[in-house]
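Asker: Okay, here's the structure, questions in a sec.
Laboratory data are not the source of any read-out in this text; all were calculated from the coordinates shown. Please read all numbers here as calculations on a predicted model, not as lab measurements. Heads up, the Cβs are rebuilt from the backbone with ideal geometry, glycines too, and the neighbour counts pull from every protein chain shown.
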């Protein structure tokens, strides 16, 4: 078993370890720390001797952490955070703040969040700007790693150790079809559901979703006639066709066409539509970023 020689560790080494773990690139870590790359490399060699572990392995994109580095990451990160909060508390001045935040989200999330977020910004932080970009739930990790966005909102699976995820709210899925649809007259059965023609919201463009995975487990397959990458299009497309679609309930509630649509319970049990917020570790201690995250959390509590 490797032994860590704690008496040889100083705070600078831990800060350098944190920067390399956050950036996974020695050059970017050096820039972040205002150090030279050789100085960071020298510090890593010291850490390797102290921990008796390689800690980082070279890869084409930079470096990859070893299992030992991943084991050390969480306690070191939290310890440094506590030390910084005690030694240099920062006050975020809303009236003077001039930040520009870039958020990645789908149109469903934008429709829920932005109408409530914008008035708050106008009233309390008039010099803060917002930018939004599409989120496919796949591109978010790379965008955060590259500092192209500040926050991603969506549903995320298996994020890296350098990304933080917080659950915000959830919504239940319903099945919608036009009023007068042949399936609208009685309870929707699984056989009827599978045999119907479907519209699928697919942020990635793939003609398959989580419901299709559950159907395959039962040896069933449905026909997906069309995929769209916007939730807000669904009510109009369904109201003017014989397609059916599974969507979050709030999508229907916000639609001016809801009176033209029939709502049925899905004949298969599905997990709720979970909305999460994800950001990079490098932004964790940034006061403006922390303030925005808190605002988003509060808005989602009252959706």
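Asker: At a Förster radius of 30 Å, what calculated FRET efficiency corresponds to the Cβ-Cβ distance of residue 123 and residue 100, to the nearest 0.05?
Answerer: After rounding to 0.05, the efficiency reads 0.95.
Asker: While we're looking at this one, here's another question. Of 197, 34, 25, which is the most mobile in a GNM of the chain whose springs link Cα atoms less than 10 angstrom apart?
Answerer: Between 197, 34, 25, it is 34 that shows the largest mean-square fluctuation.
Asker: Of the residues 98, 132, 109, which exhibits the maximal mean-square fluctuation in a Gaussian network model of the chain defined by a 10 Å Cα contact cut-off?
Answerer: Sorting by GNM fluctuation, first place goes to 98.
Asker: Which value in deg cm²/dmol, rounded to the nearest 500, describes the helix-derived mean residue ellipticity at 222 nm for the chain, given -39,500 (n - 2.57) per DSSP H run of n ≥ 4 and division by the residue count?
Answerer: So the helix-based figure for the chain works out to -12000 deg cm²/dmol.
Asker: How far, in nm, would the chain grow between residue 284 and residue 27 when pulled straight, counting 0.36 nm per residue and subtracting the alpha carbon separation?
Answerer: Gain on extension, residue 284 to residue 27, equals 90.4 nm.
Asker: Work out how much length residue 42 to residue 142 would gain on full extension: take 0.36 nm times their residue separation and subtract the Cα-Cα distance, in nm to one decimal.
Answerer: Value of the extension gain: 33.1 nm.
Asker: Can you tell me the 0 to 90 degree angle between the C-alpha axis of helix 11-23 and the longest principal axis of the chain, rounded to 10?
Answerer: 30
Asker: Additional query: Compute the length gained on full extension between residue 78 and residue 249: take 0.36 nm times their separation in residues and subtract their Cα-Cα distance, giving the result in nm to one decimal.
Answerer: 57.7 nm
Asker: Considering only 184, 140, 106, give the residue with the highest GNM mean-square fluctuation for the chain, with springs between Cα atoms whenever their separation is below 10 Å.
Answerer: 184
Asker: I've got another one for you. What number, in percent, do you get for the relative contact order of the chain if the mean sequence gap of Cα pairs under 8 Å and at least 6 apart is divided by its residue count?
Answerer: It comes to 20 percent, rounded to a whole number.
Asker: Now, a different point. What list do you get for 108, 193 if you sort them by fewest beta carbons within 10 Å?
Answerer: Final ranking by Cβ density, sparse to dense: 193, 108.
Asker: Sticking with this structure for a sec: Using only Cα atoms, tell me the angle between helix 37-51 and the longest principal axis of the chain; keep it within 0 to 90° and round to the nearest 10.
Answerer: In the chain, helix 37-51 runs at an angle near 90 degrees to the longest axis.
Asker: Using the 2.2 N^0.38 Å rule of thumb for compact globular proteins, work out how the range 173-271 stacks up: its C-alpha Rg over that value, please.
Answerer: 0.99
Asker: Let me ask another. Can you sort 210, 231 so the residue with the fewest Cβ neighbours within 10 Å comes first?
Answerer: Fewest-to-most Cβ neighbours within 10 Å comes out as 210, 231.
Asker: Using only Cα atoms, tell me the angle between helix 287-301 and the longest principal axis of the chain; keep it within 0 to 90° and round to the nearest 10.
Answerer: Computed tilt is about 30 degrees.
Asker: Assuming R0 = 25 Å, can you tell me the calculated FRET efficiency for the pair residue 131 and residue 204, based on Cβ-Cβ distance, to the nearest 0.05?
Answerer: It comes to 0.70.
Asker: Set the Förster distance to 41 Å, then compute FRET efficiency between residue 229 and residue 57 from the Cβ-Cβ distance, nearest 0.05.
Answerer: 0.65
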